[in-house]
Amino acid sequence: MDENAKPVLVIGGGIAGITSALEAAEAGCHVVLMEKSAFLGGRVARMYQYFPKLCPPTCGLEINYRRIKNNPRITVLTLAQLESLTGTPGDYEATIKISPRFIRNSCTLCSACVDACPSERPDEFNYGIGKTKAVYLDYAMAFPAMYAIERSACKEGCRACADACIYDAVDLTQKEEKKTVQVSAVIAATGWAPYDAARIQNLGFGSFKNVITNVVMERLAAPEGPTAGRILRPSDGKEPRSIAFVQCAGSRDENHLPYCSAVCCAASFKHANYVRAQYPDADIAIFYIDRRVPGRLEDFLQKLGEDEKTRFNKGKIAKVEEDPATGSLKVTAEDAIRGDRTEQTFDLVVLATGIVPQTDGLPPGFEPDEFRFINNRMEKPGLYAAGCVRRPGEVSAALADATGAALKAFQCAVRSARHG
Amino acid sequence: MDKKLGVYICSGCSIGDSLDTGSLVKIAEGEGKAACCRVHPFLCSREGVDWIRKDLEDDTADAVVIAACSPRVKTDAFAFDPFTVMERVNLREHVAWCQKPRDEDTQMMAEDYLRMGIAKARKMEKLIPVSETISKKILVVGGGVTGMTAAKESADAGYEVLLVEREASLGGYVAGVKSRFPGHPPYAETIHEGIRDTIDAVLYHSKIQVLTSAHIDKIQGQPGMFDVEIEVGGSIVRDRVGAIVQATGWKPYDPSKLGHLGYGSSPDIVTNIEFEEMAAKGRIFRPSDGKPVGSVLFIQCAGSRDKAHLPYCSSVCCMTTLKQAGYIREQNPDAKIYVVYKDIRTPGQYEKYYKAAQEDPLTFFTKGEVVSVEKKSPIGLAATVADTLLGGDIEIKADLVVLAAGMVPNSADGEAIRALEDAELKARTSDSEKQRAEAARKAEELRRHKGTEILNLAYRQGPDLPALRYGFPDSHFICFPYETRRTAIYTAGAVRAPMDSAYAMEDALGAAMKSIQSVELAAQGQAVHPRAGDMSFPDFFLQRCTQCKRCTEECPFGAIDEDEKGTPRPNPYRCRRCGVCLGACPERIISFKNYSVDMIASMIKAIGIPEEEEEKPRILVFMCENDAYPALDIAGLRRLKYDASVRVIPLRCLGSMNIVWIADALSRGFDGILLIGCKFGDDYQCHFIKGSELADRRMENVKETLQRLQLESERLRLTQLSINEPDKLANLINEFADQIREIGPNPYKDM
Ligand SMILES: Cc1cc2nc3c(=O)[nH]c(=O)nc-3n(C[C@H](O)[C@H](O)[C@H](O)COP(=O)(O)OP(=O)(O)OC[C@H]3O[C@@H](n4cnc5c(N)ncnc54)[C@H](O)[C@@H]3O)c2cc1C
Ligand code: SF4
Ligand code: SF4
């Protein structure tokens, strides 16, 4: 591509944003990839395995990080937020605010700072379960491979980390920075957040300890997670013998999310596999409206269907109640096939909470649909959404989408060179 | 000419505390014959890097060995001219962070790693940039909505496109539909505009050449240089293209196989395709007597989600039924519509479309299994449905039954076609009668692939993309959805996975992006995924080739063809640089400038083998550099301790493991050899598809070697490991080392 071509700006460093950035860059485009948190990877970095292959997300992330490291055309900005975007397709000016990391890239990950740090912060990466030091690395394979400091968690005047670092990598005086870049197109790959399960009152999340969400399940199963990969009941740390999965927790519900979140069926089936791998005898029940695993994901459902101790129950959950003495949960559900109600008790209830698009911080022009997804690809030139912010879906769909968005942006970049 | 090696040792990050860097310097300067060797307490600092840079600039060194942290980190600091020979020795994650500091064994480990790095750098050759004249034209096969979109979007990005369509006109299936359901807001409304605009945009695009009623006779060559021969109206059109998008779409599942749902028993039982055709023509009626329909039954998953038919979900038939129910409602406000389903699958925003259909008071949805569909006399149909939500088994009477039949990819399985040809040949020519019979049986089994060719690739491994499962030619990577097993050939639309037209049009964009990327990388002589940017190429020293055909058979990407005698004819631009061929070749004649049998052999040779009485076993570990190696880095980052007797050699892929290394190592006195690759089998994780599996197969031959040498088979082990298993890896190493200690030393040690 013409060296005069303006770069493409990708907002969001989850798997979709990373993919858009790489696919455009490997085709010759310059790319600025900006992520609001301190590390790339987004949601998938917090997952233990992908359905249906049950393979670790870090496997693909590692290849992608290597591609980034090898590609001089990609500039990665972390702790970055878009402040403004002006201009027209082919010729935008983006102002990006970069919050201080307090760590310079001379950091070697030697971890002396972590050993020295006296303060803690809630571990956001683990959805608030457990703590990290104020100086933290989200996950061992994180990119960029350097720590970050959450300054608000530090004790007044503390500079233990700076004193401990012999590589002069801690800079507690770092200030917020602004960067202005001229870009030809913008890809929004800002992803999703789990629906706030506490809002679904009848399901007991927030009140009952042993009602957890699917995203927390990912952390419990992950060897790097807060329980070192053991799926245990939060209330007493015991091994659960019976687990219920509640599908459409918030999704397909006019009072919450009117759309289907598209991945939570397959995600729960995957979680049933996690449970089975650890507890060969556990009883698993999956309460669903429809089991939505399109395409070849059907195999995954069929395989789970062969598991003798996994039951599927078509019907909505009326309520979840806790036995305060044991922490066990009584689930009352409709059994649509038998046409009656069932009551069953479980050690652990997992809510298959849905996907909520993350559109905060996107500039005007990215117009949300009625569900707040940004789904305007074909019409609007210059501004493209990709991945789960556009449409809820599994990784391969998000990445096909992200690769397509890369092409649209690539076209803008090509044109920007022609027009000077 | 001998290289001037600059060896740079970092003593930071506990390396200096843990090791005696002085004796490392001695090794580099002494036996390593380094032109210079420097130790820096913070090598990745500006000062440290400047030292190296300066040595390179003033020609004190022309090749670099950096003994510091893992090559996975600090890549931006140690980024020199990509053509400079550079080797990184991992003294931090793989030694200082996982071994006892200031210990004899730790020191020996570090010294061995340094020797290995120096040996490797000595053997590495400078890469030479390759540039050939590359065609950047994109060939799009299939002129349906997917193909047309791929063509138009590639052309809009500035690339010439050749679009080839088998039929007389563009448009494919979508050209014939009455309406489409929307992929964009407003979600509850169907789209009635046809695709005339899209067709015109393609036909009149200055960068697109369209050939209709065209058949691909042959595609020969490699990315950037595919020579295509297309037959159009009896004459041959020849062109050269750089990359290919296969957008050949789908065909309906053969309805004659749906007899169990009554198809064929009454004209009033139709498929969704036939129903769409009827609706597109205007009036919906009962085929048997032309009367209007008062009740319609849609049977979902007709053939799909059924082991006996299509095991997968066709993904579009739920939405299609909802749309078609709308056609009926438009024509008859009183018609009763029944939908019998297993699950209604309307993911994402499509839920809105379902919701709207559910609000219709005369449309009834029930989960259930259709047991039978029968003709009622004199007219009408009745279906028996079991396990319904309406209470037990029910009978549904309808004037018309629509079978929501599934989609089958319009693909051809290149590997199967090749296997069929091989079997046919063998059935004719094999000497033994038994073999002829066996081959004939195999040929019969594969008969259905006869004449299914689409791309007609002149590839040794077969004329089309290999199919993975159920005929879809993908490579099963969640993270890399467009990857296929043929370089620079991508699929899009319903041939890639079952999908509707809205998705398929978007899917075309991604495949077009990958095609553009592959021609751009080819133009720079660079590899595509997963070693994008790699500028090495395999060299074949053919004088010594014995025509064993292992490389041509084993290359996961079909990069190597054969001449009549069976001599390999490499196509370097098809190569992904995995090195599987290098591992396959028993004559060791395949090498890359920066990766070769000889190089790894010299690394093995560089490892010191302690005398037997020292009771220090030596274990050689070959590991995949993509997954196991990073996992070992993480073990280091987490300061997990493991046995100091191991020496790790990373491989581009475990499939590049040449068994000669194992023989070498055993005869040199290594006590055990551990091979660690990615998971193989149905849910393989190997980035090169079959690498670890091929390595496993080669182990059979190695077992014979062991027997011949009268060595215990337990000395050799191949394991599969995922990248997120650093603990397991450390344990595995320890457990293996214990086992080797128990077996005792390799008797060949002192020979
Ligand atoms: C419980 C669960 C399990 C799942 N399991 C699987 C599975 O096994 N297999 C599978 O294929 N799919 C799975 N999925 C789906 C998968 O999570 C998504 O497909 C994937 O995360 C989409 O990636 P993304 O990049 O679009 O979004 P994200 O991962 O959310 O990435 C978005 C990124 O953008 C950043 N960002 C957001 N706003 C801004 C801003 N304003 N400025 C800068 N940066 C910003 C975020 O910090 C984040 O890093 C699962 C989903 C759920 C709910
Ligand atoms: S994917 Fe399954 S659980 Fe999730 S909203 Fe859709 S139907 Fe409900
Ligand atoms: S290196 Fe790999 S892709 Fe290249 S020719 Fe050899 S086996 Fe094939």
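The values are calculated or read from the model by the stated rules, or taken from the named source; none is laboratory data. Owing to the predicted nature of the structure, the values given are computational and were not obtained by experimental measurement. Cβ coordinates were reconstructed from backbone atoms using ideal geometry, including for glycine residues, and neighbour counts include every protein chain displayed. Remember, those area values only see protein heavy atoms, side chains included, never the ligands or the DNA or RNA. Shrake-Rupley method; radii C 1.70, N 1.55, O 1.52, S 1.80 Å.
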(request) Report yes if some residue within the range A:239-247 is within 26 Å of the chain's Cα centre (by Cα), open to solvent by 20 Å² or more (accessible area, probe 1.4 Å) and more than 16 Å from ligand 3 (Cβ to nearest atom); otherwise report no. (result) no
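Yes/no per residue for (1) within 16 Å of ligand 1 (Cβ to nearest atom); (2) assigned to a loop (DSSP other than H, G, I, E, B); (3) closer than 30 Å to B:VAL245 by Cβ:
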position	(1), (2), (3)
B:GLN526	no, yes, yes
B:MET535	no, yes, yes
B:GLN543	no, no, no
B:GLY566	no, yes, no
B:ARG569	no, no, yes
B:GLY583	no, no, no
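Going by what's in this entry, would B:ASP534 be described as within 14 Å of chain A (Cβ to nearest Cβ), open to solvent by less than 30 Å² (accessible area, probe 1.4 Å) and either over 21 Å from B:ILE417 (Cβ atoms) or away from ligand 2 (no atom under 16 Å from the Cβ) (or both)? Break it down into steps so the answer makes sense when it comes.
Working: within 14 Å of chain A (Cβ to nearest Cβ): yes; open to solvent by less than 30 Å² (accessible area, probe 1.4 Å): yes; either over 21 Å from B:ILE417 (Cβ atoms) or away from ligand 2 (no atom under 16 Å from the Cβ) (or both): yes.
Taking the combined requirement at face value, the residue satisfies it.
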(message) Please go through (1) within 14 Å of ligand 2 (Cβ to nearest atom); (2) open to solvent by less than 10 Å² (accessible area, probe 1.4 Å); (3) within 29 Å of A:ALA402 (Cα to Cα) for A:SER184 and return the number of the only condition it doesn't satisfy.
(response) (1)
(request) Return the pairs, sorted by first residue and then second, in which the second residue is assigned to a helix (DSSP H, G or I) and basic (Lys, Arg), the first residue lies in the range A:131-153 and is within 14 Å of A:GLU120 (Cα to Cα), the beta carbons are less than 9 Å apart, and the residues are 6+ apart or on different chains. (result) A:ALA134/A:ARG151; A:ASP138/A:ARG46
(request) For residues that are buried (at least 18 other Cβ atoms within 10 Å of the Cβ) and closer than 30 Å to B:LYS137 by Cα, tally how many sit in the range B:184-204. (result) 4
(message) Can you tell me how many residues within the range A:363-382 are among the hydrophobic types (A, V, I, L, M, F, W, C), open to solvent by 10 Å² or more (accessible area, probe 1.4 Å) and within 14 Å of ligand 1 (Cβ to nearest atom)?
(response) 1
(request) Quick one: count up the residues across the range A:64-83 that are within 14 Å of chain B (Cβ to nearest Cβ), within 19 Å of the chain's Cα centre (by Cα) and either within 16 Å of ligand 3 (Cβ to nearest atom) or open to solvent by 40 Å² or more (accessible area, probe 1.4 Å) (or both). (result) 1
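Within the range B:537-576, take every residue that is basic (Lys, Arg) and open to solvent by 60 Å² or more (accessible area, probe 1.4 Å) and give me the one that is nearest to ligand 2 (Cβ to nearest atom).
Looking at the filtered set, the residue picked out is B:ARG550.
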(message) Suppose the filter is within 16 Å of ligand 1 (Cβ to nearest atom), more than 10 Å from chain B (Cβ to nearest Cβ) and open to solvent by 20 Å² or more (accessible area, probe 1.4 Å); does A:THR86 pass it?
(response) no
(request) Could you please give the count of residues in the range B:99-140 that are open to solvent by less than 10 Å² (accessible area, probe 1.4 Å) and either closer than 30 Å to B:MET225 by Cβ or modelled with pLDDT under 95 (or both)? (result) 3
(request) Residues being more than 21 Å from A:PHE312 (Cα to Cα) and either within 47 Å of the chain's Cα centre (by Cα) or open to solvent by less than 80 Å² (accessible area, probe 1.4 Å) (or both): count how many of those fall in the range B:369-399. (result) 15
(message) If I ask for residues that are more than 14 Å from chain B (Cβ to nearest Cβ) and either in contact with a Lys or Arg (Cβ under 7 Å, 6 or more places away or on another chain) or more than 21 Å from A:THR332 (Cβ to Cβ) (or both), which ones from the range A:238-271 would you list?
(response) A:LYS238, A:GLU239, A:PRO240, A:HIS271
(message) Which pairs turn up if I take residues in the range B:43-64 that are at pLDDT 95 or above and look for partners that are loosely packed, with under 12 Cβ neighbours inside 10 Å and aromatic (Phe, Trp, Tyr) with beta carbon separation below 8 Å, at least 6 apart in sequence or on another chain?
(response) none
(request) Residues that are touching a residue at least 60 places away in the same chain (Cβ under 8 Å) and within 12 Å of chain B (Cβ to nearest Cβ): find the strands (runs of 3 or more DSSP E) completely inside the range A:341-420 holding 1 or more of those. (result) A:355-357, A:383-385
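Using the structure shown, decide if B:TYR629 is among the aromatic types (Phe, Trp, Tyr) and farther than 21 Å from B:ARG115 by Cα. Break it down stepwise before answering.
Numbers: among the aromatic types (Phe, Trp, Tyr): yes; farther than 21 Å from B:ARG115 by Cα: no.
No, not satisfied.
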(request) Output the residues belonging to the range A:264-287 that are open to solvent by 10 Å² or more (accessible area, probe 1.4 Å) and more than 12 Å from ligand 1 (Cβ to nearest atom). (result) A:ARG276, A:ALA277, A:GLN278, A:TYR279, A:PRO280, A:ASP281, A:ASP283
(message) If B:MET278 satisfies all but one of (1) buried (at least 23 other Cβ atoms within 10 Å of the Cβ); (2) over 37 Å from the mean Cα position of the chain (by Cα), what's the number of the condition it fails?
(response) (1)
(request) Return the residue satisfying two criteria in turn: it lies in the range A:41-62 and is more than 7 Å from every other protein chain (Cβ to nearest Cβ) and touching a strand residue (DSSP E or B) at 6+ places or on another chain (Cβ under 9 Å), and of such residues it is most open to solvent (accessible area, probe 1.4 Å). (result) A:ARG43
(message) Looking at the range B:590-603, can you tell me whether even one residue there is over 27 Å from B:VAL73 (Cβ atoms), outside any helix (DSSP H, G or I), more than 16 Å from ligand 1 (Cβ to nearest atom) and away from every other protein chain (no Cβ under 14 Å)?
(response) yes
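Residues to consider are B:ALA527, B:ALA523; find the one that is of a type in the set (Gly, Ala, Ser) and either within 14 Å of ligand 3 (Cβ to nearest atom) or facing chain A (nearest Cβ under 8 Å) (or both). If you could, list the steps in order and put the result at the bottom.
On the way: B:ALA523 fails: either within 14 Å of ligand 3 (Cβ to nearest atom) or facing chain A (nearest Cβ under 8 Å) (or both).
So the residue among B:ALA527, B:ALA523 that is of a type in the set (Gly, Ala, Ser) and either within 14 Å of ligand 3 (Cβ to nearest atom) or facing chain A (nearest Cβ under 8 Å) (or both) is B:ALA527.
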(request) Could you pull out every one of the strands (runs of 3 or more DSSP E) wholly within the range B:251-350 that has 1 or more residues that are closer than 23 Å to B:TYR173 by Cα, aliphatic (A, V, I, L, M) and in contact (Cβ under 8 Å) with a residue 24 or more places away in the chain? (result) B:269-271, B:295-302
(message) Which numbered condition in (1) farther than 27 Å from B:ILE609 by Cα; (2) open to solvent by 10 Å² or more (accessible area, probe 1.4 Å) is the only one that B:LEU721 fails?
(response) (2)
(request) Hey, could you check the range A:1-59 for residues that are assigned to a loop (DSSP other than H, G, I, E, B) and within 6 Å of ligand 1 (Cβ to nearest atom) and say which is nearest to A:TYR139 (Cα to Cα)? (result) A:MET47
(message) Given the criteria assigned to a loop (DSSP other than H, G, I, E, B), touching a residue at least 40 places away in the same chain (Cβ under 8 Å), of a type outside the set (Gly, Ala, Ser) and farther than 30 Å from B:LEU455 by Cβ, does B:PRO182 qualify?
(response) yes
